[in-house]
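Coordinate-derived values only; no laboratory data. It should be emphasised that the depicted structure is a prediction, and the values quoted were computed from it without experimental measurement. All Cβ positions, even for glycine, are placed from backbone atoms using ideal geometry, and neighbour counts span all protein chains on display.
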Amino acid sequence: MASPYLIWLLVVPLVASLLALLAGRLGRLARPVLEVIHMASVTVVLLLAVIVTGQVLIFGDVATLNHWLRADALGGIFIVIVGLLGFLAGLYSIGYTRHDLKIGQLNLSQLGTFYALFHFFFFTMLLTVTSNNIIIMWVAIEATTLSSTFLVGMYGTRPALEAAWKYVVICTVGVAFGLYGTILVYSDAVNVIQETGMASLWDAIVRNAGALDPTLLKLAFVFVLIGFGTKAGIFPMYTWLPDTYSEAPSPVSAMLSGVLVNCSLFVIIRFSIIVNLAIGPEFTQTLFLIFGVLSLGTAVFFMLVQKDINRLLAYSSPENIGLILVALGLGGPIGTLAGLLQLLNHSLVKSQMFFLSGNILMKYRSRSLDVVKGLLQAAPITGVFLLGGVFALVGAPPFNIFLSKFMIISAGIASGHLWLMLVCLLFVMVAFTALFKMLSSVVLGEKPENVAKGETGFTTLAPILILMVLILALGVTMPAPLGALLQGATQVVTTGTSVAPSGGPGLAAHSILPAFGLPQAQQFIGLIGIQSGN
Amino acid sequence: MLNANLINTLSGLLLLTSLLVIETRKPRQSAMLYSFQSLVLVTIFLALAALMGAPQLYLWAASAFITKAILVPLILYRALAKADETITSLNTVSTPISLLLVAVAVVVSYTVVSQIELKSAAVFIPALAISVAHFFFGQLCIVTQRNLFKQILGFCLMENGSHLTLALLAYRAPELIEIGIATDAVFAVIILVLLAGQIYRRLHTLDSAELNVLKG
């Protein structure tokens, strides 16, 4: 079905970016005008994301511009993540940048640049997840790096500039590998699909996947995994994460960790579907398992030795991305579903954690574990949220990540990977130790004398509260539309085809989420029983 | 076949010009040599357009001429005029080792490329292997050069390699795709140059080894 909303989803942030660039020159009026443009854009994009996803639920997939833009259930999940977290990071930015203006860390001209780049970055991520053209997907991923470089280096300090340089160089070099993978797939597809314009379209390549050259596809996927994996925070190219996340303004770190890494994973998943349909899933699943375990297993030990809250959170990203890859590597409907759910859950929790660390920075002017003490005294609400956030991140019940981690481990055991799951659990325990060490150091004890009591304000607490509600809600229940979307996305990943997730003929065959109510743990055991029984 | 040989030979010239770009000690001279290299790339696009009967490659040649032979070298040249002229490149590996690594990249690329069945580019296997090696050569430049502007040139070399691969394998892609990739490449250079300029103004260095505050 044709959907003009896909175009508006891209036009709105692009226009907001241009307007912000102009509004930054309005002198004293700049701040309120910029904030109106900014909030209007993120709100409209969220609404459009909901509309597009609603259309996907009804029609299966929607497309426009000669199928250059397309959304199916898999795309729908990512559109929701980008739209929702873009809105929340946008809301958080208001309070955060006001604070930066107050303490002189930003001036009005820089504020204009910040919002202009924020929306351009937002646009590039939306382009990635709505593009059906594999080469434009690469163009969009490369553009995410370029648009966020100056956001990372926004403060212009020595560490911020160093972080920005490392970020742009490592990611540009890494993503160039992705271009090779993309070119190889295209050049293979163009031999099969006679209409050359169609050969770059993902859905057309999927329909013709059986005729593609297996050797070329394997080589292409290795390039894709290395290339886009650099931006997704996959081993061994995740070294830019701690530097970037610790030096970027907190709303930017939240967008990078909660949204950008997912956009890169989205591209990897899209390519894996093509390869799986052409040569079977064993090749990509093996690579996912290897790189997943390596990402998880190496990152957790870096977490143990960190003294900066953001660097610790940054290393927690490859830990979680590793788990997502392990789930995708296990494959099948349950593994895939668990991976996608972990991806969604991690996005919510990690964004919340970076908002919280932003609040801590505003209070203490530091993120060092040697300085930040007694948060429960200094800012009790932020302290309680941090407590909840860490529990959610380690995967404690009743928070959402518990559910997805439980699904992954159960799927692994059911598919005969008991030892691998034990190793993963061991690594997760190391991450658990590191996060609790940080938590006890930050929330307990006496606050420093120079830190005043009090919270950081409504706009910096509201996004955290909204996320806390979502994190808790998704830990105990699954809203029917989201369940249907995840189910549809699982179908896209496992079969390459999309049907209307709200109820199509193909759905019954993959009804792995019949009600998704409580008690979920029991239900999943039952589901996995069905799976292994099959 | 004469034309195919011409393209393979010109690709070899591309690699030689890369060596000059990297081994020249003054970054401004490197920028000029990069412009010369881009002219070689434009010539390859023109030859390919004639040989394959692909008119879109004339457009690629025109856009590569404007962006890579003129615009990017000019941006680099002007940016370097403001930076300290006395800063020469600092290599972390010697010239013989660089040459050895290039040779290894060419052999490995040729071995891999010749294994793949590429119906559309079977006669261009040497050119294709060189384009891939060129890409790795650009990466080598980024890793081994400490001067930030030399690292940017490394990116440009890498990008020329992938652009040649793209022309050999995906020249039938819609023009908008080529425009997208070329725009990304130009903006990448502009952003890298702006950032290097900011680093030079604030930190008074163009040596990447001095960007060492963030660790662990």
Report task. Treat the count of other C-beta atoms within 10 Å as a stand-in for reagent exposure and order B:CYS156, A:CYS424 from fewest to most. Result -> A:CYS424, B:CYS156
Query raised in the report: Hey, what did the stretch B:134-216 get for relative contact order, percent, Cα under 8 Å, at least 6 apart?
Result: 33
Query raised in the report: Considering the Cα trace of the stretch A:5-533, what is its radius of gyration and what is Dmax, both in angstroms?
Result: 21.9, 72
Query raised in the report: If you plug each phi of the stretch B:170-184 into the Karplus form 6.51 cos²θ - 1.76 cosθ + 1.60 with θ = phi - 60°, what whole-Hz ³J(HN,Hα) values come out, in order, with x for Gly and Pro?
Result: 10, 5, 8, 5, x, 4, 4, 5, 5, 4, x, 5, 5, 5, 4
Query - For chain A, calculated [θ]222 nm from helices alone, where every DSSP H run of n ≥ 4 adds -39500 (n - 2.57) - result: -25500 deg cm²/dmol
Report task. Could you please rank A:TYR167, A:TYR5, B:TYR77, placing first whichever residue has the fewest other Cβ atoms within 10 Å of its Cβ? Result -> B:TYR77, A:TYR5, A:TYR167
Report task. Using only Cα atoms, figure out Rg for the stretch B:2-207 and give it as a multiple of 2.2 N^0.38 Å. Result -> 1.01
Query raised in the report: Angle between the Cα long axis of helix A:520-533 and the longest principal axis of chain A, 0 to 90 degrees, nearest 10?
Result: 20
Report summary line: CD proxy, 222 nm, chain B: helix-only mean residue ellipticity via -39,500 (n - 2.57) per DSSP H run with n ≥ 4, per residue, nearest 500, stands at -25500 deg cm²/dmol
Requested in this report: Could you state the orientation-averaged shadow area of the convex hull built on the Cα atoms of the stretch B:115-161, in nm² to one decimal?
Outcome: 3.5
Report summary line: For the stretch A:5-533, the count of lysine pairs 8 or more apart or interchain whose alpha-carbon atoms are under 12 Å apart comes to 5
Report task. Only Cα pairs under 8 Å and at least 6 apart count here; give the relative contact order of chain A as a rounded whole percent. Result -> 16
Requested in this report: At q = 0.10, 0.21 Å⁻¹, what is the base-10 log of I(q)/I(0) for the stretch A:82-219 according to the Debye formula with one equal point scatterer per Cα and no solvent? Please give it to two decimals.
Outcome: -0.47, -1.21
Query raised in the report: Expressed as a rounded percentage, what relative contact order does chain B have, with Cα pairs under 8 Å and six or more residues apart?
Result: 24
Requested in this report: Pop out the ³J(HN,Hα) list for the stretch B:43-54 in order, Karplus 6.51 cos²θ - 1.76 cosθ + 1.60 with θ = phi - 60°, rounded to Hz; leave Gly and Pro as x.
Outcome: 4, 4, 4, 5, 5, 5, 4, 5, 5, 8, x, 10
Query raised in the report: How big is the equivalent ellipsoid of the stretch A:173-321 along its three axes, where each semi-axis is √(5λ) from the Cα gyration tensor, reported in whole Å from largest to smallest?
Result: 33, 16, 11
Query raised in the report: Mind listing the phi-derived Karplus ³J(HN,Hα) values for the stretch B:198-215, rounded to whole Hz, using 6.51, -1.76 and 1.60 with θ = phi - 60°, and x for any glycine or proline?
Result: 5, 4, 5, 5, 7, 9, 6, 8, 10, 9, 5, 5, 8, 8, 9, 6, 8, 9
Query raised in the report: Among A:VAL451, A:VAL476, which comes first, then next, by fewest other beta-carbon atoms within 10 Å?
Result: A:VAL476, A:VAL451
Query - Alpha-carbon radius of gyration plus Dmax, which is the widest Cα pair, for the stretch A:313-441 in Å - result: 15.8, 49
Query raised in the report: Check B:ASN147: other-chain or 5+ apart residues with amide H under 5 Å from its amide H, H built from backbone geometry?
Result: B:LEU90, B:SER208
